[in-house]
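Reviewing the structure listed below.
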Amino acid sequence: APAMLITLCYLYLWARWGPRSAALVRSTVRRLHRSRCSFTFCSLQPRPGERVCLRIGGRVFCTGEAQFLDDLNRWSGLFISPFIHPERLLPAEHIAFVTESISAQTENLQRGPDSSSKEIVKWSDFCSPLAYKPGEPFKLIAEASVDNFSSLGIAFLEDRLQMENGMVPHRIVSVHLEESALKELAREAPSVKEKSSDMDAVTPAGKSGLGGAEEEKKEQEETGAGEHHHLHLSSCHECLQLENSTIESVKFASAENIPELPDDCSSRTQEEEEDQCLQKGLKRINLAGKPPNILIYLGSEPAKGRFEQVKSVLRECIDAESYALYQLHQEQVLRDPWADNSLLLLIATEEPIPEAIHRHFMKFLSRGGKILGFASSFTFGGVQIKHKNELRKVVHELVVSRQDSTEVKLNLLVSGCVFEEGMKGDGSRVRVLSRLSNADKDTVIVHLAHGSSGGEAILSQAHLELDSNSMEVQTEEDFNLLKMSNSKRYEVLREILTCLGLSCELSEIPELTPIYLLSPDEEIHLAFLKWLEGNVDAEGLRASSKVSLKFVSSRESKVEVAPSLVPVITEMGSFSSEHFSLQTYQQHLQTKKLGKILLFTEVTTTTMNLLDG
């Protein structure tokens, strides 16, 4: 009966909407997304059980029985976006879906959609990625609002959908995700690292869009790996258990000497060690308890160049290893639960702030959020903005009051607006941080505290983000004034960010270390070394397009570690590490062959390129 009812709905919709494909797709998804059915957009023939609603050229829109995805063990979780709350990963009006994409070469396609005649739709602009699964096809799980999901499907049908990772989408299918699987994915997502907002981060590693399965098979045959049993990890339960056992062994072997915050801080006996532990931890877990995401709001402007400009200045000031920077689009302010997942909101637009969005910003402050304004119209409490045309886009000297009660003078480009205290108030506390060096002593930077949860804002009508190379600079005199003040500008900006609770201590980049070839089984270790003799050149080099491995017997070998050339030490006797115990690893390893050969290094640029090719 339910299938009959759904079929009748299709007939009704088609009769009503006729050839208006976009309207048909949107209406169908809106009406049926709460029912037990799935939506599929594909460039191939529909699969058994899928009913075709619409066909455009070689692409089809189908519906079918609901598809459930409750096991995400074989998927890699992405850094959880600030727009996704772990407790509300999929709101009622959102749809989870899997996008399958293949390389252009696989499809004999040398380019994506024809951007000269069609309006391109970028996949990542309409959804939030949750996880990915490498291979061919390359798969991405994402979530989107009902209408955004429809927009992606329409763009796919009209050959206007573009993936940022250089792949070509060939199938989009909605799925039902179990809440337990989503929470597990949120827990296991990568920890605090600066992630790019585009989808380059999930490009199939080292494949440059080429299919990986055939290359891997060929490599196994060339190296003799075909003599061993192949692992079918995606379908073989036994192999999956073996792989999990190996991963658990690594966890056991690594856990003993890697401090976890905040628990391990309490076990320290010396006061200095406690302080050091806390200082490191506060970079990752701030006092407000919010994830270390920084959002940049630019109003209705798409302005990617503006986003990159502001992002670049911030990264010069903060510890980039401790924070992730995203653009907060206007439509996301009202739609997504970003406020609970962000530490700082930076507003860098002169556009008027719509009332509904202003309310959300104030709610963010009342929950302990921090706001930084760069020449924006945003204000609240007892502070109002006054326009002064004679100051618009003018380089002017200002005096900034520092936290140690000293003052610093510098020249900055000002917006043409100043702050003045009005009559209305909402309990916000106002402190003037900077005034212009003019007759009126106009206020251009203020600090406002709000609420009882630590919410605060620093608003500036001086362009702290712009330097002498800005397009706004009109004269050579202004250019020189800004250039002379550049170091002071960064000094002031760092102090402001520190006042808002961010860490501006730049992390030291550790030196790269060599790789050790290890094995808990000496016999397997010797067998591997023998195999290796026939698979490196006369100098012990295993060349690759990205990172070449130079196999050496001991650490005494004079081979420097470089991003493109890494020595691999094959003698195990010289190995020692504070962070990894081979003996503990061996005790917990429960496999016969899997996990018996290890490559271990303390510091590397990326593990993704080490075994490329």
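The values are calculated or read from the model by the stated rules, or taken from the named source; none is laboratory data. Quick caveat, the model's predicted, so the values are computed rather than measured. Quick reminder, even Gly has a Cβ in these numbers, built from the backbone with ideal geometry, and neighbours come from all protein chains shown. These accessible areas exclude ligands, DNA and RNA; they are computed on the full protein's heavy atoms, side chains included. Shrake-Rupley method; radii C 1.70, N 1.55, O 1.52, S 1.80 Å.
Against the criterion of being of a type in the set (Ser, Thr, Tyr) and either in a strand (DSSP E or B) or touching a helix residue (DSSP H, G or I) at 6+ places or on another chain (Cβ under 8 Å) (or both), Ser434 qualifies.
Only one of the numbered conditions (1) touching a residue at least 40 places away in the same chain (Cβ under 8 Å); (2) part of a loop (DSSP other than H, G, I, E, B) is not met by Tyr585, and that is (2).
For region 431-451, the criterion of a residue being in contact (Cβ under 8 Å) with a residue 60 or more places away in the chain, touching a strand residue (DSSP E or B) at 6+ places or on another chain (Cβ under 7 Å) and polar (S, T, N, Q) is satisfied by no position.
Can you pull out every residue in region 24-59 that is more than 32 Å from the chain's Cα centre (by Cα), crowded, with 18+ Cβ neighbours inside 10 Å and either touching a residue at least 40 places away in the same chain (Cβ under 8 Å) or outside any helix (DSSP H, G or I) (or both)? Within region 24-59, Glu50, Cys53, Leu54 meet the criteria. The selection criterion, being touching a helix residue (DSSP H, G or I) at 6+ places or on another chain (Cβ under 6 Å) and over 21 Å from Leu502 (Cβ atoms), holds for Gly416. Scanning region 592-606 for residues that are out of contact with any helix residue (DSSP H, G or I) (no Cβ under 9 Å at 6 or more places or on another chain) and either farther than 17 Å from Ile569 by Cα or not in a loop (DSSP other than H, G, I, E, B) (or both) yields Leu599, Thr605, Thr606.
Looking across region 460-478 at every residue that is of a type in the set (Ser, Thr, Tyr) and without any contact (Cβ under 8 Å) to a residue 60 or more places away in the chain, the one that is most open to solvent (accessible area, probe 1.4 Å) is identified as Thr475. Counting only strands (runs of 3 or more DSSP E) that fall entirely inside region 345-402 and contain at least 3 residues that are open to solvent by less than 30 Å² (accessible area, probe 1.4 Å), modelled with pLDDT of 90 or more and more than 28 Å from Asn480 (Cα to Cα), no element qualifies.
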